[in-house]
Amino acid sequence: MDASLVSILVIGFLLGIKHAIEPDHVIAVSTIASKTRSLWKSSLAGVYWGIGHTSTLFLIGMLLFLFNATITDTWAMSLEMLVGFMLVFLGIKTFLTKTANKELKGDHSYLQSGMIGFVHGLAGSAAMVLLTMGTVETLWQGAIYILIFGVGTCVGMLGFTTILGIPFVVTRKQMKLNHRLTQLTGVLSVGFGCYYIYRIGVIDGLFSFL
């Protein structure tokens, strides 16, 4: 492996970390972190998000890279719009949580985190493929790049969900405050989701294509 490829992979890893902490990603995963009562579970939720995200990027990326195809702007924006609706759904679901001591079971929270990551991966697949095609030359290099990028997202989200989990762990015995914090994540998720839908649909013009 030559030095230039190593440099590219290092950049991919760092971009993965940066990508993990984009607002829509953090807000979505915060709805999971708010229901955990240990930093370990909160951290693992971030890792599972990264696994789901990477799985989608890798599968779609390899198919498009193999056939030298791209995703149209309309499809790319439609997948982005899906993220907005998901954020609204997660926010409403979180806001309507009635008890602060009702924790998601580990397997369920990890599965939900993986599914959130999967949807985010769908939404980011078009940009990822364009980035990969413009960075590497062969299929195997593309595969390694996406996987290294995925490792970066896992590391980034691992760290961030650990930080996100701290307030909920610290207040786990203060049920009223804990519940308010949980509801706040729901409000933020709904608000950002509505903004996301408006931005994609109106400002970026998806609704004009429909």
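The values are calculated or read from the model by the stated rules, or taken from the named source; none is laboratory data. Computed from a prediction, not measured in an experiment: that's the story for all the values here. Positions of Cβ are generated from backbone atoms using ideal geometry, with glycine treated the same way; all protein chains shown enter the neighbour counts.
Report yes if Gly152 is within 21 Å of Lys93 (Cα to Cα) and not β-branched (Val, Ile, Thr), otherwise no. So that I can check it myself, show each step before the final result.
On the way: within 21 Å of Lys93 (Cα to Cα): no; not β-branched (Val, Ile, Thr): yes.
It is false that Gly152 is within 21 Å of Lys93 (Cα to Cα) and not β-branched (Val, Ile, Thr).
Could you say which residue among Leu181, Leu158, Leu164 is of a type in the set (A, V, I, L, M), farther than 22 Å from Lys93 by Cα and in contact with a helix residue (DSSP H, G or I) (Cβ under 8 Å, 6 or more places away or on another chain)? First the steps, then the outcome.
Details: Leu181 fails: farther than 22 Å from Lys93 by Cα; Leu164 fails: farther than 22 Å from Lys93 by Cα.
Testing whether each residue is of a type in the set (A, V, I, L, M), farther than 22 Å from Lys93 by Cα and in contact with a helix residue (DSSP H, G or I) (Cβ under 8 Å, 6 or more places away or on another chain) leaves just Leu158.
Within the bounds of segment 200-207, is there any residue that is under 19 Å from Ile92 (Cα atoms) and modelled with pLDDT under 95? Explain how you work it out, then say what you get.
Here is the first cut: in segment 200-207, the residues under 19 Å from Ile92 (Cα atoms) are none.
There is no residue in segment 200-207 that is under 19 Å from Ile92 (Cα atoms) and modelled with pLDDT under 95.
Could you list, in sequence order, all residues of segment 14-51 that are hydroxyl-bearing (Ser, Thr, Tyr) and within 17 Å of Leu184 (Cβ to Cβ)?
Start the filter on segment 14-51 by keeping residues that are hydroxyl-bearing (Ser, Thr, Tyr), which leaves 30-31, 34, 36, 38, 42-43, 48.
Correct list: Ser30, Thr31, Ser34, Thr36, Ser42.
If you go through segment 167-178, how many residues are in contact with a Leu (Cβ under 7 Å, 6 or more places away or on another chain), among the β-branched types (Val, Ile, Thr) and outside any loop (DSSP other than H, G, I, E, B)?
Keep residues of segment 167-178 that are in contact with a Leu (Cβ under 7 Å, 6 or more places away or on another chain), which gives 167-169, 171.
Narrowing the set further to residues that are among the β-branched types (Val, Ile, Thr) leaves 169, 171.
Cutting the leftovers down to outside any loop (DSSP other than H, G, I, E, B) gives us 169.
Final tally of qualifying residues: 1.
So for segment 188-197 (the condition being over 20 Å from Gly91 (Cα atoms) and loosely packed, with under 15 Cβ neighbours inside 10 Å), does at least one residue qualify? Please lay out each step first, then the result.
Initially, segment 188-197 is screened for residues over 20 Å from Gly91 (Cα atoms), giving none.
Looking through segment 188-197, none of the residues is over 20 Å from Gly91 (Cα atoms) and loosely packed, with under 15 Cβ neighbours inside 10 Å.
With the requirement that a residue be among the aliphatic types (A, V, I, L, M) and free of Cβ contacts under 8 Å to residues at least 40 places away in the same chain, what does segment 132-176 give you?
Applying the first criterion (among the aliphatic types (A, V, I, L, M)) to segment 132-176 yields 133, 136, 139, 143-144, 146-148, 151, 155, 157-158, 163-164, 166, 169-170, 175.
Ile163, Val170 - these are the residues of segment 132-176 that are among the aliphatic types (A, V, I, L, M) and free of Cβ contacts under 8 Å to residues at least 40 places away in the same chain.
Aromatic (Phe, Trp, Tyr), surrounded by fewer than 22 Cβ atoms within 10 Å (Cβ to Cβ) and in contact (Cβ under 8 Å) with a residue 40 or more places away in the chain - does that describe any residue in segment 44-51?
no
Counting just the residues of segment 179-210 that are among the small types (Gly, Ala, Ser) and part of a helix (DSSP H, G or I), which one comes out farthest from Val83 (Cα to Cα)?
Quick first cut of segment 179-210, residues among the small types (Gly, Ala, Ser) only: 186, 189, 191, 193, 201, 205, 208.
Checking which are part of a helix (DSSP H, G or I) leaves us with 186, 189, 191, 193, 201, 208.
Details: Gly186: 15, Ser189: 11, Gly191: 13, Gly193: 7, Gly201: 12, Ser208: 19 Å.
Looking at residues that are among the small types (Gly, Ala, Ser) and part of a helix (DSSP H, G or I), I get Ser208.
Name the residues in segment 53-88 that are among the β-branched types (Val, Ile, Thr) and either assigned to a helix (DSSP H, G or I) or closer than 20 Å to Thr153 by Cα (or both), would you?
At the first step, the residues of segment 53-88 found to be among the β-branched types (Val, Ile, Thr) are 54, 56, 60, 70-72, 74, 83, 88.
Those that are among the β-branched types (Val, Ile, Thr) and either assigned to a helix (DSSP H, G or I) or closer than 20 Å to Thr153 by Cα (or both): Thr54, Thr56, Ile60, Thr74, Val83, Val88.
Given the condition closer than 13 Å to Met128 by Cα, among the polar types (S, T, N, Q) and touching a His at 6+ places or on another chain (Cβ under 9 Å), answer yes or no: does some residue in segment 43-57 qualify? Lay out the reasoning, then the answer.
Let us first name the residues in segment 43-57 that are closer than 13 Å to Met128 by Cα, namely 53-57.
Subset that is among the polar types (S, T, N, Q): 54-56.
Filter again for touching a His at 6+ places or on another chain (Cβ under 9 Å), leaving 56.
Within segment 43-57, one or more residues are closer than 13 Å to Met128 by Cα, among the polar types (S, T, N, Q) and touching a His at 6+ places or on another chain (Cβ under 9 Å).
Hey, among Thr138, Thr132, which residue is closer than 13 Å to Gly61 by Cα, surrounded by fewer than 17 Cβ atoms within 10 Å (Cβ to Cβ) and either at pLDDT 90 or above or of a type in the set (Val, Ile, Thr) (or both)?
Working: Thr132 fails: surrounded by fewer than 17 Cβ atoms within 10 Å (Cβ to Cβ).
After applying the criteria, what remains is Thr138.
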